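Before any comments, here is the structure.
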Amino acid sequence: MLLLLLGVTTGGCVWSVPEPVLVREPRLEPIALSVAVYYSPEFRHFTYRHHVTDTAWILGKPSMRLFNEALPLLFTEVVESPQPGSTGSLRSGVAGVIEPTIVSAGYSYPILDSARRADRVCFQLHMTYRFTLYSPRGERVASWDISGEDCAPEQNPLATLNTRKLSFEQVMREAAWNLISGFRDVPDVRRWLDAQGVR
């Protein structure tokens with residue numbers, strides 16, 4: 001009941017997720033390529049709004065900051081592109097353009113009943129990013145999804161907002177690490193790397 005009451009009292013508010021901290025270890029050998037990254041206006045301003053409480057969470061801007069840290073660990077050079085791919089807007093030497101989008105994000109309130117102990121209650125949070133790799137001419141080369149999940153324990157109902165902020169941070173951090181560590185394992189990406197002469 002208290003959780004529901006807190007959800008109602010925070011309805012209509014907009015919260016920003018603190019900047020997630022990037023996982024940097026184990027450090028991987030960067031790919032010897034120059035790539036561009038394109039952040040669409042929709043991605044930059046993405047906000048998740050909970051359907052029950054009408055509480056909004058700003059997720060696009062912290063995601064952009066996180067990927068601005070993650071991609072330079074993956075490639076030797078990363079520049080920003082004003083659009084997904086075009087020979088007229090990219091400087092020479094750029095091997096491709098990566099565009100992230102947020103496919104889904106959100107959380108569900110825990111359900112309290114007599115069979116569940118209060119100290120085991122948690123908010124289920126998730127985020128799914130889609131990454132699309134384009135050639136410099138704007139042709140789609142690869143597209144794949146990366147997700148992060150967390151179940152934030154809710155032992156103190158008065159700290160629910162901070163718990164969800166930290167949980168969103170964890171979900172973003174997990175997704176960024178999955179991007180870095182699993183990039184070479186995406187089949188279409190692997191073929192693209194082979195075509196670029198990267199082994």
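The single condition among (1) surrounded by 18 or more Cβ atoms within 10 Å (Cβ to Cβ); (2) at pLDDT below 90; (3) within 17 Å of the chain's Cα centre (by Cα) that LEU90 does not satisfy is (3).
Evaluate region 172-181: report whether one residue or more is at pLDDT 70 or above, among the aromatic types (Phe, Trp, Tyr) and more than 29 Å from TYR38 (Cβ to Cβ). No, because not a single residue in region 172-181 is at pLDDT 70 or above, among the aromatic types (Phe, Trp, Tyr) and more than 29 Å from TYR38 (Cβ to Cβ).
If you go through region 56-70 and keep only what is crowded, with 21+ Cβ neighbours inside 10 Å and out of contact with any Leu (no Cβ under 8 Å at 6 or more places or on another chain), you end up with TRP57, LEU59, GLY60, SER63.
The values are calculated or read from the model by the stated rules, or taken from the named source; none is laboratory data. Please read all numbers here as calculations on a predicted model, not as lab measurements. Glycine gets a Cβ as well: all are built from the backbone with ideal geometry, and neighbour counts include every protein chain shown.
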